[in-house]
Amino acid sequence: MGRMGRHLLGLANAGLVTAGLLLAAGGAAIAGELGQPSPWEWTLQPSASPVMDNIVWFHNFLFIIITLITLFVLALLVIVVVKFNAKANPVPSRTTHNTLIEVAWTLIPVLILVGISVPSFRLLFLQLDLPKADLTVKATGKQWYWSYAYPDNGKFEFDSLMAQDKQPRLLGVDNEMVVPVNKVIRVQTTGADVIHAFALPAFGVKIDAIPGRLNETWFKATKTGMYYGQCSELCGKDHAFMPIAIRVVSDQEFASWVEAAKKKYASGGTNTFASAAGPTQ
(Lines give C-alpha, C1' and ligand atoms only; values in the text may rest on other atoms or scores of the structure.)
Protein backbone atom coordinates (compact mmCIF):
# COMPACT_ATOMS: atom_id res chain seq x y z
CA MET A 1 0.00 0.00 0.00
CA GLY A 2 1.33 3.45 -0.93
CA ARG A 3 1.95 6.41 1.30
CA MET A 4 -1.41 8.04 0.60
CA GLY A 5 -3.20 4.75 1.14
CA ARG A 6 -1.68 4.34 4.59
CA HIS A 7 -2.56 7.89 5.56
CA LEU A 8 -6.14 7.55 4.31
CA LEU A 9 -6.50 4.28 6.20
CA GLY A 10 -5.24 6.00 9.34
CA LEU A 11 -7.72 8.81 8.81
CA ALA A 12 -10.49 6.26 8.36
CA ASN A 13 -9.54 4.56 11.63
CA ALA A 14 -9.63 7.92 13.44
CA GLY A 15 -13.07 8.55 11.96
CA LEU A 16 -14.27 5.16 13.13
CA VAL A 17 -13.12 5.92 16.68
CA THR A 18 -15.03 9.20 16.62
CA ALA A 19 -18.13 7.53 15.21
CA GLY A 20 -17.95 4.90 17.94
CA LEU A 21 -17.99 7.60 20.61
CA LEU A 22 -21.13 9.08 19.04
CA LEU A 23 -23.06 5.91 18.30
CA ALA A 24 -24.04 5.51 21.95
CA ALA A 25 -26.37 8.48 21.59
CA GLY A 26 -27.33 8.04 17.94
CA GLY A 27 -30.33 6.51 16.22
CA ALA A 28 -33.34 7.48 14.15
CA ALA A 29 -36.70 8.87 15.11
CA ILE A 30 -40.25 7.99 14.21
CA ALA A 31 -43.47 9.09 15.88
CA GLY A 32 -45.00 6.86 18.54
CA GLU A 33 -47.96 6.97 20.92
CA LEU A 34 -47.89 9.83 23.39
CA GLY A 35 -46.98 8.90 26.94
CA GLN A 36 -46.30 5.19 26.46
CA PRO A 37 -44.30 2.74 24.35
CA SER A 38 -45.74 1.65 21.01
CA PRO A 39 -45.59 -1.76 19.32
CA TRP A 40 -42.32 -2.20 17.42
CA GLU A 41 -41.09 1.15 18.67
CA TRP A 42 -37.36 1.57 18.10
CA THR A 43 -36.78 5.17 19.04
CA LEU A 44 -37.53 7.83 21.66
CA GLN A 45 -41.08 8.37 22.86
CA PRO A 46 -42.76 11.60 21.67
CA SER A 47 -41.83 14.56 23.85
CA ALA A 48 -44.18 16.19 26.34
CA SER A 49 -41.79 18.47 28.24
CA PRO A 50 -39.12 21.12 27.48
CA VAL A 51 -36.33 18.83 28.71
CA MET A 52 -37.45 16.02 26.42
CA ASP A 53 -37.73 18.50 23.53
CA ASN A 54 -34.03 19.25 24.01
CA ILE A 55 -33.16 15.57 24.33
CA VAL A 56 -34.90 14.83 21.01
CA TRP A 57 -33.12 17.75 19.33
CA PHE A 58 -29.75 16.60 20.67
CA HIS A 59 -30.50 13.04 19.57
CA ASN A 60 -31.27 14.17 16.01
CA PHE A 61 -28.23 16.47 15.97
CA LEU A 62 -25.95 13.56 16.92
CA PHE A 63 -27.61 11.30 14.37
CA ILE A 64 -26.74 13.74 11.58
CA ILE A 65 -23.12 13.92 12.73
CA ILE A 66 -22.88 10.14 13.00
CA THR A 67 -24.32 9.68 9.51
CA LEU A 68 -21.84 12.14 7.99
CA ILE A 69 -18.90 10.49 9.77
CA THR A 70 -20.01 7.03 8.68
CA LEU A 71 -20.36 8.09 5.03
CA PHE A 72 -16.98 9.83 5.14
CA VAL A 73 -15.24 6.78 6.61
CA LEU A 74 -16.94 4.52 4.05
CA ALA A 75 -15.73 6.76 1.22
CA LEU A 76 -12.16 6.64 2.56
CA LEU A 77 -12.25 2.86 2.82
CA VAL A 78 -13.56 2.53 -0.75
CA ILE A 79 -10.76 4.82 -2.00
CA VAL A 80 -8.14 2.78 -0.14
CA VAL A 81 -9.47 -0.51 -1.53
CA VAL A 82 -9.82 0.68 -5.14
CA LYS A 83 -6.90 3.04 -5.56
CA PHE A 84 -4.19 1.72 -3.26
CA ASN A 85 -4.28 -2.04 -3.72
CA ALA A 86 -1.29 -4.13 -4.81
CA LYS A 87 -2.44 -4.23 -8.44
CA ALA A 88 -2.73 -0.46 -8.73
CA ASN A 89 0.52 0.12 -6.78
CA PRO A 90 2.97 -2.71 -7.50
CA VAL A 91 5.78 -0.65 -5.98
CA PRO A 92 4.45 0.90 -2.76
CA SER A 93 5.81 4.14 -1.45
CA ARG A 94 8.02 3.97 1.66
CA THR A 95 6.96 7.40 2.91
CA THR A 96 5.77 7.08 6.52
CA HIS A 97 4.55 10.56 7.50
CA ASN A 98 2.29 13.30 6.18
CA THR A 99 2.13 16.15 8.65
CA LEU A 100 -1.01 17.75 7.21
CA ILE A 101 -3.07 14.55 7.29
CA GLU A 102 -1.83 13.58 10.75
CA VAL A 103 -2.78 17.00 12.14
CA ALA A 104 -6.16 16.76 10.41
CA TRP A 105 -7.09 13.33 11.76
CA THR A 106 -6.18 14.51 15.26
CA LEU A 107 -7.71 17.97 15.17
CA ILE A 108 -10.98 17.29 13.31
CA PRO A 109 -12.30 14.63 15.77
CA VAL A 110 -11.38 16.92 18.67
CA LEU A 111 -13.29 19.83 17.10
CA ILE A 112 -16.30 17.56 16.48
CA LEU A 113 -16.36 16.40 20.10
CA VAL A 114 -15.97 19.96 21.38
CA GLY A 115 -18.88 21.00 19.15
CA ILE A 116 -20.97 18.20 20.63
CA SER A 117 -20.01 19.09 24.20
CA VAL A 118 -21.57 22.58 24.05
CA PRO A 119 -25.22 21.46 23.56
CA SER A 120 -24.51 18.45 25.77
CA PHE A 121 -23.51 20.61 28.75
CA ARG A 122 -26.43 22.94 28.05
CA LEU A 123 -28.81 19.97 28.23
CA LEU A 124 -27.23 18.73 31.46
CA PHE A 125 -27.67 22.14 33.08
CA LEU A 126 -31.31 22.25 31.91
CA GLN A 127 -31.94 18.89 33.56
CA LEU A 128 -30.05 19.52 36.80
CA ASP A 129 -30.74 23.23 37.46
CA LEU A 130 -34.20 23.10 39.01
CA PRO A 131 -36.39 26.15 38.30
CA LYS A 132 -38.80 27.56 40.87
CA ALA A 133 -41.36 24.83 41.44
CA ASP A 134 -45.13 25.26 41.27
CA LEU A 135 -45.70 21.87 42.92
CA THR A 136 -43.58 19.36 44.84
CA VAL A 137 -44.25 15.62 44.79
CA LYS A 138 -42.26 13.15 46.87
CA ALA A 139 -41.90 9.71 45.27
CA THR A 140 -40.72 6.90 47.54
CA GLY A 141 -39.62 3.65 45.93
CA LYS A 142 -40.57 0.50 47.80
CA GLN A 143 -40.40 -3.23 47.05
CA TRP A 144 -42.18 -3.15 44.66
CA TYR A 145 -44.38 -0.10 44.21
CA TRP A 146 -44.29 3.67 44.59
CA SER A 147 -45.74 5.94 47.27
CA TYR A 148 -46.54 9.58 46.51
CA ALA A 149 -46.86 12.53 48.89
CA TYR A 150 -47.81 16.14 48.15
CA PRO A 151 -46.12 18.25 50.87
CA ASP A 152 -47.34 21.52 49.29
CA ASN A 153 -50.97 20.43 49.44
CA GLY A 154 -51.44 18.78 52.80
CA LYS A 155 -50.28 15.71 54.71
CA PHE A 156 -51.59 12.88 52.62
CA GLU A 157 -49.78 9.99 50.96
CA PHE A 158 -50.89 7.01 48.91
CA ASP A 159 -49.44 3.92 47.29
CA SER A 160 -49.42 3.15 43.58
CA LEU A 161 -49.34 -0.53 42.63
CA MET A 162 -49.50 -2.21 39.26
CA ALA A 163 -53.06 -3.16 38.30
CA GLN A 164 -53.35 -6.53 36.60
CA ASP A 165 -56.59 -5.65 34.79
CA LYS A 166 -55.59 -2.25 33.39
CA GLN A 167 -53.94 -1.23 30.15
CA PRO A 168 -51.29 -0.69 28.99
CA ARG A 169 -49.97 -4.06 30.12
CA LEU A 170 -47.47 -3.88 33.02
CA LEU A 171 -47.85 -0.07 33.13
CA GLY A 172 -51.41 0.50 34.41
CA VAL A 173 -51.68 1.22 38.15
CA ASP A 174 -54.42 1.39 40.75
CA ASN A 175 -53.55 5.00 41.51
CA GLU A 176 -51.81 7.56 39.33
CA MET A 177 -49.72 10.53 40.37
CA VAL A 178 -51.77 13.57 39.36
CA VAL A 179 -50.19 16.89 38.33
CA PRO A 180 -51.40 20.06 36.57
CA VAL A 181 -50.42 20.86 33.00
CA ASN A 182 -47.87 23.60 32.18
CA LYS A 183 -46.58 23.75 35.76
CA VAL A 184 -43.06 23.12 37.01
CA ILE A 185 -43.22 19.91 39.05
CA ARG A 186 -40.36 19.19 41.43
CA VAL A 187 -40.02 15.47 42.11
CA GLN A 188 -38.15 14.42 45.23
CA THR A 189 -37.14 10.77 45.22
CA THR A 190 -35.92 8.41 47.92
CA GLY A 191 -35.92 4.68 48.58
CA ALA A 192 -37.48 2.91 51.53
CA ASP A 193 -35.47 -0.30 51.20
CA VAL A 194 -33.14 -0.60 48.19
CA ILE A 195 -32.12 1.65 45.30
CA HIS A 196 -34.88 2.31 42.78
CA ALA A 197 -35.00 4.71 39.81
CA PHE A 198 -37.81 7.08 38.86
CA ALA A 199 -37.97 7.27 35.04
CA LEU A 200 -40.49 8.89 32.67
CA PRO A 201 -39.34 8.74 29.01
CA ALA A 202 -41.83 11.31 27.66
CA PHE A 203 -40.65 13.88 30.21
CA GLY A 204 -36.93 13.15 29.91
CA VAL A 205 -36.78 12.20 33.60
CA LYS A 206 -34.58 9.52 35.14
CA ILE A 207 -33.20 9.78 38.67
CA ASP A 208 -32.23 7.28 41.36
CA ALA A 209 -34.29 6.82 44.52
CA ILE A 210 -31.71 5.95 47.18
CA PRO A 211 -32.46 5.02 50.83
CA GLY A 212 -31.31 7.74 53.21
CA ARG A 213 -30.88 10.30 50.44
CA LEU A 214 -33.23 12.81 48.81
CA ASN A 215 -32.67 13.40 45.10
CA GLU A 216 -34.51 15.99 43.05
CA THR A 217 -35.51 16.36 39.43
CA TRP A 218 -38.22 18.27 37.57
CA PHE A 219 -40.51 18.29 34.60
CA LYS A 220 -43.11 20.55 33.02
CA ALA A 221 -45.78 18.58 31.19
CA THR A 222 -47.00 20.51 28.15
CA LYS A 223 -49.91 18.22 27.24
CA THR A 224 -52.69 16.63 29.25
CA GLY A 225 -53.06 12.87 29.28
CA MET A 226 -51.55 9.73 30.79
CA TYR A 227 -47.80 9.17 30.85
CA TYR A 228 -46.06 5.97 31.86
CA GLY A 229 -42.62 4.98 33.07
CA GLN A 230 -40.99 2.26 35.16
CA CYS A 231 -38.42 1.73 37.84
CA SER A 232 -35.13 1.67 35.93
CA GLU A 233 -32.92 0.13 38.60
CA LEU A 234 -32.63 -3.62 39.21
CA CYS A 235 -34.27 -3.58 42.62
CA GLY A 236 -35.34 -7.18 43.19
CA LYS A 237 -37.53 -9.99 41.91
CA ASP A 238 -40.52 -7.74 41.05
CA HIS A 239 -38.47 -4.98 39.46
CA ALA A 240 -40.38 -5.42 36.18
CA PHE A 241 -43.72 -4.88 37.95
CA MET A 242 -43.10 -1.42 39.40
CA PRO A 243 -44.63 1.03 36.91
CA ILE A 244 -44.98 4.80 37.20
CA ALA A 245 -48.17 6.44 35.93
CA ILE A 246 -48.68 10.20 35.84
CA ARG A 247 -51.99 11.79 34.90
CA VAL A 248 -51.63 15.38 33.65
CA VAL A 249 -54.82 17.41 34.06
CA SER A 250 -56.01 21.00 33.97
CA ASP A 251 -55.64 23.32 36.96
CA GLN A 252 -59.32 22.96 37.84
CA GLU A 253 -59.23 19.17 37.73
CA PHE A 254 -56.09 19.12 39.84
CA ALA A 255 -57.63 21.39 42.48
CA SER A 256 -60.67 19.10 42.68
CA TRP A 257 -58.48 16.02 42.98
CA VAL A 258 -56.40 17.59 45.79
CA GLU A 259 -59.48 18.44 47.83
CA ALA A 260 -60.80 14.90 47.48
CA ALA A 261 -57.39 13.40 48.25
CA LYS A 262 -57.00 15.47 51.42
CA LYS A 263 -60.18 13.95 52.81
CA LYS A 264 -59.59 10.43 51.60
CA TYR A 265 -55.91 9.93 52.38
CA ALA A 266 -55.09 12.41 55.15
CA SER A 267 -55.16 9.73 57.86
CA GLY A 268 -54.93 6.59 55.75
CA GLY A 269 -51.14 6.61 55.44
CA THR A 270 -49.51 4.45 52.83
CA ASN A 271 -51.69 1.44 53.58
CA THR A 272 -54.80 2.91 51.99
CA PHE A 273 -54.63 2.46 48.23
CA ALA A 274 -56.11 5.17 46.05
CA SER A 275 -58.82 4.65 43.50
CA ALA A 276 -57.92 4.49 39.83
CA ALA A 277 -61.24 5.98 38.71
CA GLY A 278 -59.70 9.35 37.77
CA PRO A 279 -58.17 12.56 39.05
CA THR A 280 -61.42 14.00 40.35
CA GLN A 281 -62.22 11.10 42.68
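The values are calculated or read from the model by the stated rules, or taken from the named source; none is laboratory data. Predicted model only: the values in this text are computed from it and were never measured. In this analysis, Cβ positions are derived from the backbone assuming ideal geometry, glycine residues included, and neighbour counts consider all displayed protein chains.
For the range 85-101, does any single residue satisfy the condition of being in contact with a Phe, Trp or Tyr (Cβ under 8 Å, 6 or more places away or on another chain) and not assigned by TED's automatic domain parsing to the domain that holds ARG247? There is no residue in the range 85-101 that is in contact with a Phe, Trp or Tyr (Cβ under 8 Å, 6 or more places away or on another chain) and not assigned by TED's automatic domain parsing to the domain that holds ARG247.
Can you name the strands (runs of 3 or more DSSP E) wholly within the range 107-170 that have at least 3 residues being modelled with pLDDT of 95 or more and not aromatic (Phe, Trp, Tyr)? Before you say what the answer is, go through the steps one by one.
Details: elements: 135-142, 145-149, 157-160.
Qualifying strands (runs of 3 or more DSSP E): 135-142.
The set of residues in the range 82-118 that are loosely packed, with under 15 Cβ neighbours inside 10 Å, under 30 Å from PHE219 (Cα atoms) and touching a residue at least 60 places away in the same chain (Cβ under 8 Å) contains only LEU113. Evaluation of TRP146 against the conditions (1) surrounded by 13 or more Cβ atoms within 10 Å (Cβ to Cβ); (2) without any contact (Cβ under 8 Å) to a residue 60 or more places away in the chain shows that the sole unmet condition is (2).
The residues of the range 158-199 that are among the polar types (S, T, N, Q) and surrounded by 16 or more Cβ atoms within 10 Å (Cβ to Cβ), listed by number, are SER160, ASN175, GLN188, THR189, THR190. For the range 210-217, the condition of being modelled with pLDDT of 95 or more, outside any loop (DSSP other than H, G, I, E, B), within 23 Å of PRO180 (Cα to Cα) and not hydroxyl-bearing (Ser, Thr, Tyr) holds for at least one residue.
Quick grid of which residues meet (1) among the polar types (S, T, N, Q); (2) under 20 Å from TRP144 (Cα atoms); (3) in contact with an Asp or Glu (Cβ under 6 Å, 6 or more places away or on another chain):
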| residue | (1), (2), (3) |
| --- | --- |
| ASP174 | no, yes, no |
| MET177 | no, yes, no |
| ASP193 | no, yes, no |
| THR217 | yes, no, no |
| LYS223 | no, no, no |
| TYR227 | no, yes, no |
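Scanning the range 171-194 for residues that are under 29 Å from ASP53 (Cβ atoms) and in a loop (DSSP other than H, G, I, E, B) turns up LEU171, GLY172, ASN175, GLU176, VAL181, ASN182, LYS183, VAL184. Scan the range 69-97 residue by residue and report those that are in a loop (DSSP other than H, G, I, E, B) and among the polar types (S, T, N, Q). Within the range 69-97, ASN85, ASN89, SER93, THR95, THR96 qualify.
State whether the residues of the range 61-68 include one that is touching a Pro at 6+ places or on another chain (Cβ under 8 Å), of a type outside the set (Asp, Glu) and over 30 Å from GLY212 (Cβ atoms).
Of the range 61-68, the ones touching a Pro at 6+ places or on another chain (Cβ under 8 Å) are 61.
Subsequent filtering for residues that are of a type outside the set (Asp, Glu) retains 61.
From what is left, the residues that are over 30 Å from GLY212 (Cβ atoms) are 61.
Within the range 61-68, one or more residues are touching a Pro at 6+ places or on another chain (Cβ under 8 Å), of a type outside the set (Asp, Glu) and over 30 Å from GLY212 (Cβ atoms).
Summed over the range 200-214, residues that are within 8 Å of the chain's Cα centre (by Cα) and either polar (S, T, N, Q) or surrounded by fewer than 18 Cβ atoms within 10 Å (Cβ to Cβ) (or both) total 1.
Residues that are farther than 9 Å from PHE203 by Cα and of a type outside the set (S, T, N, Q) were ranked within the range 47-61; the one that is surrounded by the fewest Cβ atoms within 10 Å (Cβ to Cβ) is TRP57.
Quickly run through the range 229-253 and pick out the residues that are more than 16 Å from TRP144 (Cβ to Cβ) and crowded, with 17+ Cβ neighbours inside 10 Å. Write out each step before concluding.
Keep residues of the range 229-253 that are more than 16 Å from TRP144 (Cβ to Cβ), which gives 246-253.
Across the range 229-253, the qualifying residues are ILE246, ARG247, VAL248, VAL249, GLU253.
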